[in-house]
Amino acid sequence: MKRERTLSMIKPDAVQKNIIGRVIVKLEEAGLKVVAAKMVRLSKKEGQQFYAIHKERPFYNDLVDFISSGPLMALILEGEDAIAKNREVMGATNPKEAAAGTIRAEFGDSIDKNVVHGSDAPETAAIEIPFFFNEDEIFE
Ligand code: ADP
Ligand code: MG
């Protein structure tokens with residue numbers, strides 16, 4: 001087990017549905033600690049940059065439009081194996097396939113409105129965390 005940090009986003013669909021608090025409860029109950037948080041609205045250009053890894057995928061333009069469609073809450077979560085633990089509590093990308101009790105199973109509407117993002121590896125966390133946060137915005 002290793003203490004890690006991961007980047008989480010509570011996406012615009014969840015902010016719109018007024019479930020920020022309920023999502024954070026799930027994260028906290030999984031043993032993850034919020035060490036940084038901010039509400040931001042990404043520009044289209046920032047959305048393209050954040051999801052650049054998916055730019056060849058057919059859903060890329062829709063994904064960028066969605067992530068920049070309204071405010072989201074970016075979080076840094078810290079804990080033992082935080083990257084895998086966050087992915088576990090998020091559930092599968094498609095809420096219909098997500099395990100019972102996971103965030104996406106409980107709150108997700110569809111594969112493109114699935115409430116949360118989580119870094120998928122240490123390498124992506126290392127890129128995604130500074131995308132949103134400066135060192136002085138992170139608290140132990
Ligand atoms: P995850 O968010 O679980 O890491 P991916 O990295 O594969 O999933 O995809 C990023 C986001 O793109 C997903 O959360 C989802 O909102 C969207 N997405 C993925 N696959 C599809 C798809 N087939 N159709 C529409 N949107 C998709
Ligand atoms: Mg992903």
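Data overview
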item	result
Qualifying residue in the stretch 86-101 (condition: free of Cβ contacts under 8 Å to residues at least 24 places away in the same chain, away from ligand 1 (no atom under 15 Å from the Cβ), open to solvent by less than 60 Å² (accessible area, probe 1.4 Å) and not basic (K, R))	yes
Those residues of the stretch 98-131 which are over 22 Å from N18 (Cβ atoms) and either in contact with a Cys (Cβ under 8 Å, 6 or more places away or on another chain) or part of a helix (DSSP H, G or I) (or both), in sequence order	P122, E123, T124, A125, A126, I127, E128, I129, P130, F131
Tally, over the stretch 50-61, of residues that are farther than 14 Å from K11 by Cα and either exposed (fewer than 11 other Cβ atoms within 10 Å of the Cβ) or within 11 Å of ligand 1 (Cβ to nearest atom) (or both)	8
All helices (runs of 4 or more DSSP H) inside the stretch 4-67 with 3 or more residues being within 16 Å of ligand 2 (Cβ to nearest atom) and not acidic (D, E)	44-50, 60-67
Set I129, I138, I83: member being β-branched (V, I, T), touching a residue at least 24 places away in the same chain (Cβ under 8 Å) and open to solvent by less than 20 Å² (accessible area, probe 1.4 Å)	I83
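The values are calculated or read from the model by the stated rules, or taken from the named source; none is laboratory data. Quick caveat: nothing in here was measured; it's all calculated off a predicted structure. Ideal geometry is used to build each Cβ from the backbone, glycine not excepted, and the neighbour counts take in all protein chains shown. Heavy atoms of the whole protein, side chains included, go into the accessibility calculation; ligands, DNA and RNA do not. Shrake-Rupley method; radii C 1.70, N 1.55, O 1.52, S 1.80 Å.
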